[in-house]
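Structure record follows, encoded as structure tokens.
Laboratory data are not the source of any read-out in this text; all were calculated from the coordinates shown. The structure presented is a predicted model; accordingly, all values stated were derived computationally and were not measured. Using ideal geometry, Cβ is built from the backbone for each residue, glycine included, and neighbour counts are taken over all protein chains shown.
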């Protein structure tokens, strides 16, 4: 697993100036260089994810992704070849999982099986694309519909939000390597790692802001956290999908050991209630992202949730929105109760 390195400024890698070492212009090497004329490697959770294309991007990435761009060379764990087309191929009439946008109730994205793997479709206006994935979910071909403003250009953000998030959730669970939780995460000054999970409105962003404002702890994220298995423990990683935190801080990119899980809810006083395995599982499972379209992966997700709880201590945390909850959490974290 390769670690990520941030670079100070956004750059577009253009391989078009590199001359082929072969005589034939139709050689495999020349073709590969043309296909990867524009390329960007992202490091997320120790994985190297490469997007490459012969088509020029409108923008390869923006400020939100700068800390995830890998500057050094390396073999990708996941490779997505990007093409731009005047129209997308019609969908097959196959069973598929579809998500609906909560505001306009239109289709957001969907997944369907194909002969050789899977097809992911996004139908959002001016972001339409289809991605064809192999069965192992490590290689794919993305067809981007040409932009309305004209020209065969593409935008990496259209693939990072939401396709890449769906792909990583799916791949990690399918391989039994980890999961993504709807949570905030903090690395305290003593090295302890706390995960604050809960549904929307439970206090994840509030908790991240309190720790950022009142401590020197490192904030990983305020809405999404990768939990990757390392032996019998789990490490927390920051992904590029977050809530409000991008507006006020740069997230922490190093892995952090998960020590304790707090399931959040607002209350009139700070109260921490330890949870047994069954109750903790009922809290955790709704806070992770399931892959309903893949039965094998869904079974792995159930197992991974159990492993996460066995590797950490879980409790319900009812809290008051002020800095006193920080000392309260630290006391509970250090006492082990």
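Sorted by mean Cβ packing within 10 Å, highest first, what order do the peptides 304-313, 43-52, 191-200, 288-297 take?
Those peptides, ordered most packed to least, come out 43-52, 191-200, 304-313, 288-297.
Relative contact order of the chain: what whole-number percent is it, with Cα pairs under 8 angstrom and at least 6 residues apart?
Relative contact order of the chain: 13 percent.
Spin-label point model (7 Å from Cα, Cβ direction): what's the residue 91 to residue 215 distance in nm?
Computed distance between label sites residue 91 and residue 215 equals 4.4 nm.
What ranking of 144, 245 emerges when the number of other C-beta atoms within 10 Å of each C-beta is taken as an exposure proxy, fewest first?
By the 10 Å Cβ count, ascending: 245, 144.
What is the extension gain from residue 104 to residue 310, computed as 0.36 nm multiplied by their sequence separation minus the C-alpha to C-alpha distance, in nm to one decimal?
Gain on stretching residue 104 to residue 310: 70.1 nm.
Against the longest alpha carbon principal axis of the chain, how many degrees, from 0 to 90 and to the nearest 10, is the axis of helix 324-335 turned?
Relative to the chain, helix 324-335 is tipped by roughly 90 degrees.
Taking every pair of Cα atoms in segment 54-136, average 1/r, invert it to obtain the Kirkwood radius, and report Rg/Rh to two decimals.
Here Rg/Rh amounts to 1.00.
Considering every Cα-Cα pair within the chain, what fraction, in whole percent, is farther apart than 30 Å?
40 percent
Which percent of Cα-Cα pairs in segment 283-337 sits in each 10 Å bin, short to long?
Going from the shortest bin to the longest, the percentages are 19, 36, 26, 16, 2.
Taking R0 as 22 Å, what's the FRET efficiency between residue 75 and residue 254 from their Cβ-Cβ distance, rounded to 0.05?
It comes to 0.50.
Any chance you could give the angle, 0 to 90 degrees and rounded to 10, that helix 295-310 forms with the longest Cα principal axis of the chain?
Relative to the chain, helix 295-310 is tipped by roughly 40 degrees.
Determine how many Å³ per residue the convex hull of the Cα atoms of segment 103-236 encloses.
157 Å³
Using only the alpha-carbon atoms, what does segment 188-301 span along each of its principal axes? Please give whole angstrom values in decreasing order.
43, 33, 26 Å, listed from the longest principal axis down.
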